[in-house]
Amino acid sequence: MATVAELGVSVMRIYIPKFLMSASCLLLPSTDSKDCILEPLSLPESPGGTTSLEGSPSVPCIFCEEHFLIDEQDKLLKHMIIEHKTVIADVKLVADFRRYISYWRKRFTEQPITDFCSVIRINSTAPFEEQDNYFLLCDVLPEDRILREELQKQRLKEILEQQQQERNDNNFQGSCMFCNEEFLGNRSVLLNHMAREHTFNIGLPDNIVNCNEFLCTLQKKLDNLQCLYCEKTFRDKNTLKDHMRKKQHRRINPKNREYDRFYVINYLELGKSWEEVQLEDDRELLDHQEDDWSDWEGHPLSAVCLFCEKQAETIEKLCVHMEDAHEFDLLKIKSELGLNFYQQVKLVNFIRRQIHQCRCYGCHETFKSKADLRTHMEEAKHTSLLPERQTWDQPQYYFPTYENDTLLCTLSDSESDLTAQEQNGNIAIISEDTSKLHALKQSSILNQLRLHESLKN
């Protein structure tokens with residue numbers, strides 16, 4: 001039997017559940033009555049807990065017949081430490097809490113509790129009548145460690161089977177949380193739609209499990225007018241919608257542990273979240289880092305066509321495609337209109353937004369789908385029919401329609417473009433005509449600068 005002196009006082013600090021940490025000192029016997037000691041712990045109205053509701057999932061106490069709802073795990077732990085003076089260490093590392101409790105409930109009927117648990121004596125220096133013993137059940141016991149590992153393996157097997165079933169399920173039915181469009185077939189169709197059309201990416205479909213429950217959880221938050229990222233609540237849907245768009249909050253909060261159960265990576269290693277697993281992977285890469293990068297193969301980014309989903313690795317290839325398939329010559333337009341880099345950005349973002357809204361920028365007609373719009377613009381030759389400059393050369397189009405629009409990164413300023421001759425290094429240097437030096441002096445920009453400086457002085 002272990003004593004406090006053997007286990008160390010720090011053991012209680014580590015293993016007592018969080019909900020008892022603030023009141024743990026209240027468990028220690030004192031000269032006050034028991035009622036005074038137990039009162040701050042907020043005991044349930046009926047002694048020892050509540051009886052389980054008929055038909056609801058519940059977990060029994062290891063020692064008595066009291067039952068607690070599976071979602072009220074903390075109440076069971078509080079009941080066990082108050083009524084039975086037993087603490088379960090590292091509960092969060094137990095993959096299946098109900099099976100874990102059932103196993104030990106059976107074992108404790110076969111052998112005394114002291115055969116399995118460490119005994120912690122409280123107030124060991126006080127008089128004997130004021131001393132008390134608490135029992136610690138933890139994975140220091142080989143049987144407990146093996147049980148936890150087996151439960152983890154079983155849980156991972158069940159999760160992978162569920163994931164595989166969802167990946168192969170072509171009868172999925174759901175609607176987009178942002179445009180209410182209905183989707184039938186595989187879940188990846190809906191998830192890819194939200195990522196592509198609304199820049200709302202919750203991860204690769206193959207990495208998600210219990211997808212229906214995940215989407216319902218997110219939809220419930222939106223119905224409650226709650227932002228999915230900062231989790232603030234707003235007065236109406238339009239305010240929430242504008243907030244998520246302007247603040248780029250169309251994503252989930254990575255620090256919210258409520259979402260962890262929907263990602264397979266959180267089931268791979270016992271007691272480790274996706275952040276801890278990723279951190280270990282990064283450390284492993286750093287440990288095996290090599291100085292030789294000669295075999296490095298870069299993966300070029302692909303830019304997407306303004307009118308369809310065609311992708312190309314260079315802007316030259318993409319411009320050739322748009323000219324051949326859609327009769328839209330971006331380089332010619334840039335040259336004829338003398339567009340600098342920022343004007344090109346605004347033009348691209350303007351066209352992206354019009355196409356996203358299924359609106360023809362040539363005649364302002366709106367269509368039901370992008371396919372119908374594309375057919376109309378190609379037949380009516382409206383792809384090259386740009387509106388007046390003041391329509392698209394507006395500050396609002398500095399902001400990209402799509403966050404990951406690689407085409408914007410490939411644009412260049414007309415004034416700084418290198419010609420083919422310059423790229424080959426054959427740059428011709430033409431000297432000034434000094435025969436008309438007087439005329440050059442009169443038209444020089446230096447005259448304007450000198451005049452401006454004189455006015456300032």
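Exactly one residue among 213, 258, 269 is open to solvent by 40 Å² or more (accessible area, probe 1.4 Å), within 29 Å of residue 154 (Cα to Cα), without any contact (Cβ under 8 Å) to a residue 12 or more places away in the chain and of a type outside the set (A, V, I, L, M), and that residue is 269. Scanning region 82-96 for residues that are at pLDDT below 90 and either part of a helix (DSSP H, G or I) or of a type in the set (Val, Ile, Thr) (or both) yields 91, 92, 93, 94. Of the numbered criteria (1) more than 25 Å from residue 158 (Cβ to Cβ); (2) among the charged types (D, E, K, R); (3) surrounded by fewer than 12 Cβ atoms within 10 Å (Cβ to Cβ), the one residue 250 fails is (3). Within region 349-360, residues that are crowded, with 20+ Cβ neighbours inside 10 Å have Cβ atoms under 9 Å from residues that are part of a helix (DSSP H, G or I) and among the charged types (D, E, K, R) in these pairs: 355/370; 355/374, counting only partners at least 6 apart in sequence or on another chain. Residue 403 meets all of the listed conditions (1) of a type outside the set (S, T, N, Q); (2) open to solvent by less than 30 Å² (accessible area, probe 1.4 Å); (3) modelled with pLDDT under 85 but one, namely (2). Assess whether residue 304 counts as being open to solvent by 30 Å² or more (accessible area, probe 1.4 Å), among the β-branched types (Val, Ile, Thr) and more than 25 Å from residue 198 (Cα to Cα). So residue 304 does not fit the description; no.
Does residue 97 qualify as being among the aromatic types (Phe, Trp, Tyr), touching a strand residue (DSSP E or B) at 6+ places or on another chain (Cβ under 7 Å) and under 26 Å from residue 57 (Cα atoms)? Here the answer is yes, as residue 97 does meet what is asked. Restricting 290, 269, 280, 213 to those that are outside any loop (DSSP other than H, G, I, E, B) and modelled with pLDDT under 90 reduces the list to 280. Return yes when residue 374 is in a helix (DSSP H, G or I), in contact (Cβ under 8 Å) with a residue 40 or more places away in the chain and either surrounded by fewer than 14 Cβ atoms within 10 Å (Cβ to Cβ) or under 31 Å from the mean Cα position of the chain (by Cα) (or both) and no when it is not. So residue 374 fails the test. Report whether or not residue 327 is surrounded by 13 or more Cβ atoms within 10 Å (Cβ to Cβ) and modelled with pLDDT under 90. The answer is yes for residue 327. Screening 167, 121 for residues that are assigned to a helix (DSSP H, G or I) and of a type in the set (Lys, Arg) leaves exactly one candidate, 167.
Being surrounded by 13 or more Cβ atoms within 10 Å (Cβ to Cβ), outside any loop (DSSP other than H, G, I, E, B) and touching a Ser or Thr at 6+ places or on another chain (Cβ under 9 Å) holds for only one residue in 190, 151, and it is 190. Of all residues in region 59-85, those that are in contact (Cβ under 8 Å) with a residue 12 or more places away in the chain and within 16 Å of residue 99 (Cβ to Cβ) have Cβ atoms under 7 Å from Cβ atoms of residues that are among the aliphatic types (A, V, I, L, M) and surrounded by fewer than 16 Cβ atoms within 10 Å (Cβ to Cβ), 6 or more apart or on another chain, in 59/70. Report yes if residue 241 is basic (Lys, Arg), open to solvent by 70 Å² or more (accessible area, probe 1.4 Å) and either in a helix (DSSP H, G or I) or modelled with pLDDT under 90 (or both), otherwise no. So residue 241 passes the test.
The combined condition, being among the hydrophobic types (A, V, I, L, M, F, W, C), within 30 Å of residue 208 (Cβ to Cβ) and surrounded by fewer than 17 Cβ atoms within 10 Å (Cβ to Cβ), is fulfilled by residue 156.
Of 313, 336, all but one fail to be touching a Pro at 6+ places or on another chain (Cβ under 8 Å) and either over 26 Å from residue 372 (Cα atoms) or open to solvent by less than 20 Å² (accessible area, probe 1.4 Å) (or both); the exception is 313.
Residue-wise test of (1) among the aromatic types (Phe, Trp, Tyr); (2) modelled with pLDDT of 90 or more; (3) under 37 Å from the mean Cα position of the chain (by Cα); (4) exposed (fewer than 14 other Cβ atoms within 10 Å of the Cβ).
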position	(1), (2), (3), (4)
110	no, yes, no, yes
118	no, no, no, no
121	no, no, no, no
132	no, no, no, no
147	no, yes, yes, no
160	no, yes, yes, no
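The values are calculated or read from the model by the stated rules, or taken from the named source; none is laboratory data. Because the structure is predicted, anything quoted here is derived from the model rather than measured. Every residue, glycine as well, gets a Cβ built from its backbone with ideal geometry; the counts of neighbours run over all protein chains shown. Note: areas computed on protein heavy atoms with side chains; ligands, DNA, RNA excluded. Shrake-Rupley method; radii C 1.70, N 1.55, O 1.52, S 1.80 Å.
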